[in-house]
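Asker: The following block contains the structure, expressed as structure tokens.
The values are calculated or read from the model by the stated rules, or taken from the named source; none is laboratory data. Because the structure is predicted, anything quoted here is derived from the model rather than measured. Positions of Cβ are generated from backbone atoms using ideal geometry, with glycine treated the same way; all protein chains shown enter the neighbour counts.
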Amino acid sequence: MSAEPGSTFQSLPVPDADTAPFWEACAEGQLVFQRCAGCGTLRFPPAPVCHRCRSWEYAWEPQDGRGQVYSWVVVEHPIPPSIADEVPYVSALVELDCGVRMPARLVDVGADDMTAGMAVSVRFLHTAPGVALPVFAPDGHQAAPQAPPTGDR
Amino acid sequence: MSDEFSGRSAITGIGQTEYTRDSGKSVAHLAAESCANAVADAGVDPVEVDGIVTFGVNDTVFPRAVATQLGMTELGFQQYIHGGGESSVMSIGLAGMAVATGMARHVLVFRALNGRSGHRLGGSDAEQALSEGHDDEQFTLPAGLISPAQRMALAAKRHMIRYGTTTRDYAAVAVTFREHAQLNDRALMRKPMTIEDHQASRMIVDPFRLFDICQENDGACAVLVSRADEASSLRHAPVFVLAAGQASRPRPGYAWEFYTSEDDIADDYSGVLAPQLWKQARLGPDDVDVVSLYDCFTAAVISQLEGFGFAPRGEGGAFVSDGGIRRDGAKPVNTQGGMLSEAYIHGINGVLELVRQLRGDAGERQVPGASVGLASGFANTTGCGLVVGR
């Protein structure tokens, strides 16, 4: 997939020492997260240390990129005005089956067809030489209903 | 813990500038004007003010510049907090800590910005920012989540998914605060609004319409926080700081990048913060007479009502739709119109209204017998609160 000029897809991530492996994997069409070597927790966004056990050791692990729509918005007013041709577009918080949540654009789905818990999987959108962004598209079937959240405060 | 702080400081002066869409003044001018007014309101000589605090997101002036301009020759305690809702009223808590510990006698707290004529937080000058995503923005900008409204709407949508909150509940928030603003000459947005007006307003980022999003404007607000044992000798009856605090859901992330949260993001910081505030202040939600909730968005009012215990979990929308937050309702909120209708001075204008209410100076807006108030600062998974009382 390639992006149109002037689109929000032209927002280029500026990798740093923590995130460079994530973006390099995206450029190769692969979603990777850090798996903590101390306790096995998978984490996102990339971080130097594990939030569960404070281990500084980890390995980047490929993911199948399948998940559900946890929440979504439909952007109708273009910010900035120069991306007027892009709207409306859908931005979502995807909860991957591996337990990590990540924000991403949703593609190949109409705003009116969005449902909570919709099954989606990752695609990679090539926006510039050596740069690809993870986006999600529907899998074509509805996932099982999410269990109600616990631990309410 | 609570004995070290509660009641040991008081708000003794309040000041502000006119709220406009184009002040024609520098931010430094706005800051100095609001601070000078607060000091005069307290009846304190600026030479006696030995502390100054502000907060902002690179859009306000350095506090010691204001101190210099006001002739604060004994300046000691000085802090510039980077942040918005997550720290807003905590800036007053910080000033309270300084005076309660004896590090300072009188501390000015201000928020000054040309938020409409200058840098706009809402993102309409996002062209530059859009091209590159640094730090945490490298995950949000490419996802098309550029403005605070777009990001906050993701959490609000969760509240709708989980609890059935509707945009008509949002409308009730906006309509209530617009009604409150009718009695406030300082309010910028006073044109009467109905539920239907709200529902017909332009969709910005579904589920947020234009009337769900607070305005941007120019202006400044300031308070003077003084040691409690000196407060009683000043011009007004003191409004004591009974509690202050900040809290977060687990793994709050940055201000709006709450995808790090391990919780359901439908519920905001307030449920975590509330017990700390009530314990410090030695009172509960039923004791609060008047409230200033950080209303950057209508949805934020609903989730904060629930977290602070003014409405049952998931029923904040119904509470508002049933009239609960009206000036004559069970729990008056944003009696001067809030940020949605008065002005967007990042929560400090809401504190000024609480002080007026507790002093008995709110005129037609007065909540009879108001003696305990709560003000909040909201950044979804993180935020702050302030309890004040007579």
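Asker: Quick one: in the stretch A:65-96, which of the residues that are under 12 Å from the mean Cα position of the chain (by Cα) and of a type in the set (D, E, K, R) is farthest from the other protein chains (Cβ to nearest Cβ)?
Answerer: A:66
Asker: Tally time: how many residues in the stretch B:38-82 are among the aliphatic types (A, V, I, L, M) and in contact with a helix residue (DSSP H, G or I) (Cβ under 7 Å, 6 or more places away or on another chain)?
Answerer: Qualifying residue count, the stretch B:38-82: 11.
Asker: I'm trying to understand the selection: among the residues of the stretch B:11-29, which are surrounded by 19 or more Cβ atoms within 10 Å (Cβ to Cβ) and either over 18 Å from the mean Cα position of the chain (by Cα) or without any contact (Cβ under 8 Å) to a residue 24 or more places away in the chain (or both)?
Answerer: B:12, B:23, B:25, B:27
Asker: Turning to a different aspect of this structure: Tell me which residues, restricted to the stretch B:279-302, are of a type outside the set (Gly, Ala, Ser) and within 14 Å of another protein chain (Cβ to nearest Cβ).
Answerer: B:297
Asker: Residues to consider are A:82, A:55, A:71; find the one that is of a type in the set (S, T, N, Q), over 15 Å from residue B:150 (Cα atoms) and touching a helix residue (DSSP H, G or I) at 6+ places or on another chain (Cβ under 7 Å).
Answerer: After ruling out the rest, the residue left standing is A:82.
Asker: Which one of B:327, B:356 is surrounded by fewer than 24 Cβ atoms within 10 Å (Cβ to Cβ) and more than 16 Å from the chain's Cα centre (by Cα)?
Answerer: Criteria check complete, one pass: B:327.
Asker: So which of B:65, B:40, B:36, B:32 ends up being in a helix (DSSP H, G or I), without any contact (Cβ under 8 Å) to a residue 40 or more places away in the chain and either surrounded by 24 or more Cβ atoms within 10 Å (Cβ to Cβ) or of a type in the set (Phe, Trp, Tyr) (or both)?
Answerer: Selected residue: B:32, the only one of B:65, B:40, B:36, B:32 that is in a helix (DSSP H, G or I), without any contact (Cβ under 8 Å) to a residue 40 or more places away in the chain and either surrounded by 24 or more Cβ atoms within 10 Å (Cβ to Cβ) or of a type in the set (Phe, Trp, Tyr) (or both).
Asker: Would you check which residues across the stretch B:367-384 are modelled with pLDDT under 95 and in contact with a Gly (Cβ under 6 Å, 6 or more places away or on another chain) and list them?
Answerer: If the condition is that a residue be modelled with pLDDT under 95 and in contact with a Gly (Cβ under 6 Å, 6 or more places away or on another chain), then B:379 is the only one that fits.
Asker: Taking the stretch A:1-14 as the search range and keeping residues that are crowded, with 18+ Cβ neighbours inside 10 Å and modelled with pLDDT of 70 or more, which one is farthest from the other protein chains (Cβ to nearest Cβ)?
Answerer: That would be A:12.
Asker: Having 1 or more residues that are closer than 21 Å to residue B:344 by Cβ, more than 17 Å from the chain's Cα centre (by Cα) and hydroxyl-bearing (Ser, Thr, Tyr) is the bar; report the helices (runs of 4 or more DSSP H) wholly within the stretch B:141-222 that clear it.
Answerer: Passing ranges, in order: B:167-181.
Asker: Which count do you get for residues in the stretch B:27-59 that are among the polar types (S, T, N, Q) and more than 21 Å from residue B:187 (Cα to Cα)?
Answerer: The qualifying residues number 2.
Asker: Keeping to the stretch A:103-125, report how many residues are surrounded by 23 or more Cβ atoms within 10 Å (Cβ to Cβ) and in contact with a Gly (Cβ under 9 Å, 6 or more places away or on another chain).
Answerer: 4
Asker: Being crowded, with 18+ Cβ neighbours inside 10 Å and polar (S, T, N, Q) is the filter; apply it to the stretch B:216-239 and report the residue that is farthest from the other protein chains (Cβ to nearest Cβ).
Answerer: Per the criteria, the residue is B:226.
Asker: Go through the stretch B:115-141 and report how many residues are at the interface with another protein chain (Cβ under 8 Å from one of its Cβ atoms) and at pLDDT below 65.
Answerer: Result for the stretch B:115-141: 6.
Asker: Something else about it: I'd like to know if the stretch A:29-52 contains one or more residues that are within 12 Å of the chain's Cα centre (by Cα), closer than 24 Å to residue B:266 by Cβ and buried (at least 16 other Cβ atoms within 10 Å of the Cβ).
Answerer: Yes, there is a match, as at least one residue in the stretch A:29-52 is within 12 Å of the chain's Cα centre (by Cα), closer than 24 Å to residue B:266 by Cβ and buried (at least 16 other Cβ atoms within 10 Å of the Cβ).
Asker: Of the conditions (1) crowded, with 20+ Cβ neighbours inside 10 Å; (2) among the aliphatic types (A, V, I, L, M); (3) within 21 Å of residue B:147 (Cα to Cα), residue B:242 satisfies every one except a single condition; which number is it?
Answerer: (3)
Asker: So, in the stretch A:94-128, how many residues would count as being without any contact (Cβ under 8 Å) to a residue 24 or more places away in the chain and within 23 Å of residue A:60 (Cα to Cα)?
Answerer: So the count comes out to 1.
Asker: Check whether at least one residue in the stretch A:83-102 is surrounded by fewer than 18 Cβ atoms within 10 Å (Cβ to Cβ) and assigned to a strand (DSSP E or B), and report yes or no.
Answerer: No, because not a single residue in the stretch A:83-102 is surrounded by fewer than 18 Cβ atoms within 10 Å (Cβ to Cβ) and assigned to a strand (DSSP E or B).
Asker: Further, regarding this structure: Within the stretch A:45-60, identify whether any single residue is of a type in the set (A, V, I, L, M, F, W, C) and closer than 25 Å to residue B:161 by Cα, and answer yes or no.
Answerer: Looking through the stretch A:45-60, none of the residues is of a type in the set (A, V, I, L, M, F, W, C) and closer than 25 Å to residue B:161 by Cα.
Asker: If you don't mind, there's one more thing I want to ask. Restricting to the stretch B:261-277, count the residues that are more than 7 Å from every other protein chain (Cβ to nearest Cβ), surrounded by fewer than 22 Cβ atoms within 10 Å (Cβ to Cβ) and either hydrophobic (A, V, I, L, M, F, W, C) or closer than 24 Å to residue B:153 by Cβ (or both).
Answerer: Final tally of qualifying residues: 3.
Asker: Go through the stretch A:103-118 and give me each residue that's under 27 Å from residue B:133 (Cα atoms), within 9 Å of chain B (Cβ to nearest Cβ) and not in a strand (DSSP E or B).
Answerer: Listed by number, the list holds a single entry, A:111.
Asker: Output the residue which, of all residues in the stretch A:53-64 that are surrounded by fewer than 16 Cβ atoms within 10 Å (Cβ to Cβ) and closer than 24 Å to residue A:121 by Cβ, is nearest to the other protein chains (Cβ to nearest Cβ).
Answerer: So the residue we want is A:60.
Asker: Okay, next question. When you check residue B:293 against the structure, is it of a type outside the set (Lys, Arg), crowded, with 24+ Cβ neighbours inside 10 Å, under 30 Å from residue B:232 (Cα atoms) and more than 15 Å from the chain's Cα centre (by Cα), yes or no?
Answerer: no
Asker: Report, by residue number, each residue of the stretch B:142-170 that is modelled with pLDDT of 95 or more and of a type in the set (D, E, K, R).
Answerer: B:157, B:158, B:162, B:168, B:169, listed by residue number.
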